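The values are calculated or read from the model by the stated rules, or taken from the named source; none is laboratory data. Just so we're clear, the structure is a prediction, and the values are computed from it rather than from any experiment. Here the Cβ is made from the backbone with ideal geometry for all residues, glycine too, and neighbour counts use every protein chain on show. Just the protein is used for accessible areas: all its heavy atoms, side chains included, with ligands, DNA and RNA removed. Shrake-Rupley method; radii C 1.70, N 1.55, O 1.52, S 1.80 Å.
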Amino acid sequence: MFTCTAVMQLIEKGLIGLDSPVSDYLPEYKNLTVKTDRGIVPAKNPMTIRHLLSMQSGLNYNLDAPSILKIKKETNNQATTRQVIAALANEPLDFEPGTHFQYSLSHDVLGAVIEVVSGQRLGEYFKKNIFEPLGMKNTGFELTPERKANMSDLFSFDMNTMTSTPVPNHNRYVLTRNYESGGAGLISTVDDYLLFLDAMCHGGTSKDGYRLLSKESIDLMRRDQLNEVSKKDFDLFGRHGYSYGLGVRTLIEKEKSGVKSPLGEFGWDGAAGAYALIDVTNNLAIFYIQHVLQCGYVYNVIHPKVRDLTYEMLGL
């Protein structure tokens, strides 16, 4: 969510247009191609910033795409974020931008847009405009000795045997030594992340008075962005009652799903089971952490129970 928050900050300043073509900022994305039944053809629709934010860009999550492997080899694994994302533009899209939802490297591309517009590395922009003002002292891309020493072990869950086994703490989203991923790769703590969520659930202003975002930008982030076809794609994620906004899931239906939180509650979750909820109606934030991959029931059992039990406990 940090990348999308940063983009919304730059939209507020008039430096990025929500419906501007990505090629306005990254020229390599001017002449994209798309896979079709007839083979690879020129894309008809320009990819926009909104498409990237809402995961409707046509990109996928193939970290071993030929263009990525090529730039890594050519630079001896030293390629910058901007170089990797420029190379990615050579890959054909899976579908026309704006026609489907697919979780992808879209937010990584946004990271490169932020770098171009701000003139800063992604991590530096985050530090100056999000982390430092919010008092987030233990969040960043760099795996420092202190962060490594405090990092929790990671496990993988076997649904057949109902057992967990430890796996190496290796982040494959760090594509090169100089790559900073807009979609993954940040290291943080529960205490730090709650500072961000607290500001978001209070209309974009922190407890110390720092205005992270305007309430209007937060409302725009949590507005449903998916067409009917894209909604069917998103339904495969199993987030019952939710659709997808600008980088976040957003609650659009309560009755059939029995969700206890209010409409417009939003947030996201992680591959190893992390869960973030933001409720601007009640100025409430929830953050749950676990470090277990392949835990099949986390999204449709654990997270909903954490959410609903919290609302029942608070009488909301």
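Structure values in brief
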| quantity | calculated |
| --- | --- |
| Residue list for segment 254-277, restricted to those being of a type in the set (D, E, K, R) and touching a helix residue (DSSP H, G or I) at 6+ places or on another chain (Cβ under 9 Å) | Lys260, Glu265, Asp269 |
| Restricting segment 208-222 to residues that are touching a Leu at 6+ places or on another chain (Cβ under 7 Å) and not in a loop (DSSP other than H, G, I, E, B), the residue that is least open to solvent (accessible area, probe 1.4 Å) | Met221 |
| Set Thr161, Thr189: member being more than 30 Å from Leu52 (Cβ to Cβ) and open to solvent by 50 Å² or more (accessible area, probe 1.4 Å) | Thr161 |
| Filter pass, Val7 being more than 27 Å from Lys128 (Cβ to Cβ) and among the aliphatic types (A, V, I, L, M) | no |
| Condition broken by Glu142, with the remaining ones in (1) more than 22 Å from Ile278 (Cβ to Cβ); (2) open to solvent by less than 90 Å² (accessible area, probe 1.4 Å) satisfied | (2) |
| Answer from Tyr103, Tyr61 - the residue that is in contact (Cβ under 8 Å) with a residue 40 or more places away in the chain, under 28 Å from Trp268 (Cα atoms), surrounded by fewer than 18 Cβ atoms within 10 Å (Cβ to Cβ) and in contact with a Leu (Cβ under 8 Å, 6 or more places away or on another chain) | Tyr61 |
| Every pair of residues 6+ apart whose Cβ atoms lie under 7 Å, when the first sits in segment 220-234 and is within 10 Å of Ile252 (Cβ to Cβ) while the second is open to solvent by 50 Å² or more (accessible area, probe 1.4 Å) | Asp224/Ile252 |
| Yes/no for Ser156 being open to solvent by 50 Å² or more (accessible area, probe 1.4 Å), in contact with a strand residue (DSSP E or B) (Cβ under 7 Å, 6 or more places away or on another chain) and not in a loop (DSSP other than H, G, I, E, B) | no |
| Residue in segment 225-241 that is among the basic types (Lys, Arg), within 21 Å of Gly270 (Cα to Cα), at pLDDT 95 or above and under 19 Å from the mean Cα position of the chain (by Cα) present | yes |
| Verdict on Glu96 being closer than 26 Å to Asp233 by Cα, within 22 Å of the chain's Cα centre (by Cα) and acidic (Asp, Glu) | yes |
| Those residues of segment 76-89 which are in contact (Cβ under 8 Å) with a residue 60 or more places away in the chain, part of a loop (DSSP other than H, G, I, E, B) and open to solvent by 30 Å² or more (accessible area, probe 1.4 Å), in sequence order | Asn77, Gln78 |
| Number of the exception - Lys231 against (1) closer than 25 Å to Leu154 by Cα; (2) touching a strand residue (DSSP E or B) at 6+ places or on another chain (Cβ under 9 Å); (3) open to solvent by 20 Å² or more (accessible area, probe 1.4 Å) | (1) |
